[in-house]
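This report concerns only the one structure given below.
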Amino acid sequence: MGPAAADALDLEALETALRRQVKELAARTVEAHLNQDHSDATPSHSCSCGGTARYAGRRTKRFATALGPMRLGRAYFHCGECGHGFCPRDRALGLEGSSLSPALMRMVGAVASLVSFQESSQLLEELAGVDVGAKQVQRSAQALGEEVADYERQTREPDDGLSLPATLYLGLDGTGVPMRPTEVAGRAGKQPDGSSRTREAKLCTVWSAERRDAQGRPQRDPGSVTYTAAIESAATRDTDPQLSEFAQRVEREAQRRRFGQAPRQVVLGDGAKWIWGLTGELFPEAVQIVDRFHAKERLHRLSKSLYADRPSAREWAEQRCGELDSGRIETLLSVLAAEAAHHEEGKAAWTYFHENRHRMRYARFEAQGLCTSIGVVEAGCKNAIGARLKRSGMHWSVRGANSIMALRCVRLSGRFEDFWEWRANSKAAA
Ligand SMILES: [Zn+2]
């Protein structure tokens, strides 16, 4: 501490220097403890190929840890049958396949799920005093995200601590994620030349809304929202032997949330056909609801196309929205049918409302105390995907995007701790 009087101390400099020294001391202590233990040097070790690997001396490797860098010597084994070499201690310590220690890996996962890899690297330096370059953050976060994705695929047990409410909601939505050019080469999209710059990430959200506001309308229950998202196909053809990747994801999330056991199940979406195709098959019992905002937006769009900017456009749209709200869907359909006869967009709108009419009985849904808006799902899309993956200048590979979305969703869903437990157990079991 030196002889300086308390008032003359630069406390910030002192804190920082002391933290560095304490970490350094701890790192040397742990390092020495691990390096004097040679019990891993057995004559042979079984190899994952089924063969027997021979001991071939000690090898030293530098690992980055939460305490700073450590150089660890470990017994190295070489398998003559498959040519593979490995250090069993790396597995024992959770260091296998990485140069980051488990605690540092967890920090990297936490920070990289929130901010860019570059910012992650800076924050790790500033907050934890550890040096992990942006490239290393990216590689490690991606590898961890892939483990999270495995965890998501393998765990279907119901979430602990979430009781089964009277009504559970399941909402699906999609949002475009900006891709690297090589990831979208040859894919049709919305660019003027017909090319694409994005891939659609699809999100499945489950939540409950047992609370009521002052007007008696259902309100999302805090802490009840879980998410899972990925860029993957939602289309299952009749000839496919199994469900599409995304349908399987939705099924897993429903199992974790016990959606199928809820006394009342509700599926919410915009008008997109894939949503109803997928959920109709998985949850035939569920009440299906088209987001009210999307339905109204559709009517406003049609009114502009029918009446341009004339004041009657607004009036027309508001009358139709009123019909929708008050449950006079047959009246609405007959007005649209009249437009459909001489107007292409009118025809498309009639089809949309006709096909979805049983999903737009808003007056009845309201009387039953049901949510008719996908606000929670859209906020989820922004939060789980947009806020991290759609920042300016970002371009993703499908693999990278899926891995960071997996990380983000597991954290936002309150499952990160469970993931670490699963990770530790599965490493121990291996
Ligand atoms: Zn082998």
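The values are calculated or read from the model by the stated rules, or taken from the named source; none is laboratory data. Since the model is a prediction, treat every value here as computed from it, not as a measurement. All Cβ positions, even for glycine, are placed from backbone atoms using ideal geometry, and neighbour counts span all protein chains on display.
Quick look at the numbers
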{"read-out": "Tally of residues being surrounded by 16 or more Cβ atoms within 10 Å (Cβ to Cβ) and of a type in the set (D, E, K, R) across region 71-120", "value": "4"}
{"read-out": "Pair list, Cβ under 7 Å, 6 or more apart: region 14-30 residue assigned by TED's automatic domain parsing to the domain that holds Leu127, other residue outside any helix (DSSP H, G or I) and hydroxyl-bearing (Ser, Thr, Tyr)", "value": "Ala27/Thr65"}
{"read-out": "Residue in region 360-373 that is at pLDDT below 90, under 30 Å from Pro178 (Cβ atoms) and either surrounded by 14 or more Cβ atoms within 10 Å (Cβ to Cβ) or outside the structural domain of Glu285 (by TED's automatic domain parsing) (or both) present", "value": "yes"}
{"read-out": "Yes/no for Glu323 being surrounded by 15 or more Cβ atoms within 10 Å (Cβ to Cβ) and charged (D, E, K, R)", "value": "yes"}
{"read-out": "Those residues of region 388-417 which are modelled with pLDDT under 90 and either among the polar types (S, T, N, Q) or in a helix (DSSP H, G or I) (or both), in sequence order", "value": "Ser392"}
{"read-out": "Condition met for Ser303 (assigned by TED's automatic domain parsing to the domain that holds Asp325 and either crowded, with 22+ Cβ neighbours inside 10 Å or at pLDDT 90 or above (or both))", "value": "yes"}
{"read-out": "Matching residues in region 56-81 - criterion: being in a loop (DSSP other than H, G, I, E, B) and within 16 Å of the ligand (Cβ to nearest atom)", "value": "Gly80, Glu81"}
{"read-out": "Residue ID - farthest from the ligand (Cβ to nearest atom), chosen from residues in region 25-55 that are loosely packed, with under 13 Cβ neighbours inside 10 Å and assigned to a helix (DSSP H, G or I)", "value": "Leu25"}
{"read-out": "In region 234-257, the residues that are out of contact with any strand residue (DSSP E or B) (no Cβ under 8 Å at 6 or more places or on another chain), surrounded by fewer than 18 Cβ atoms within 10 Å (Cβ to Cβ), more than 15 Å from Glu200 (Cα to Cα) and not acidic (Asp, Glu)", "value": "Arg237, Thr239, Pro241, Gln242, Leu243, Gln248, Gln255"}
{"read-out": "Residue match in region 87-101 (condition: within 16 Å of the ligand (Cβ to nearest atom), in a loop (DSSP other than H, G, I, E, B), at pLDDT 95 or above and of a type outside the set (Phe, Trp, Tyr))", "value": "yes"}
{"read-out": "Candidate set: region 113-160, residues that are outside any helix (DSSP H, G or I) and among the small types (Gly, Ala, Ser); chosen: the one nearest to Arg249 (Cα to Cα)", "value": "Ser113"}
{"read-out": "Helices (runs of 4 or more DSSP H) contained in region 206-318 and holding at least 1 residues under 25 Å from Ile404 (Cβ atoms) and out of contact with any Ser or Thr (no Cβ under 6 Å at 6 or more places or on another chain)", "value": "245-257, 273-282"}
{"read-out": "Scope region 377-397; condition within 23 Å of Arg292 (Cβ to Cβ), aliphatic (A, V, I, L, M) and out of contact with any strand residue (DSSP E or B) (no Cβ under 7 Å at 6 or more places or on another chain); matching residues", "value": "Ala379"}
{"read-out": "Answer from Gly346, Gly322, Gly386 - the residue that is closer than 25 Å to Asp221 by Cα and outside the structural domain of Arg139 (by TED's automatic domain parsing)", "value": "Gly386"}
{"read-out": "Flag if Glu119 is over 22 Å from Arg408 (Cα atoms) and either among the acidic types (Asp, Glu) or not assigned by TED's automatic domain parsing to the domain that holds Glu31 (or both)", "value": "no"}
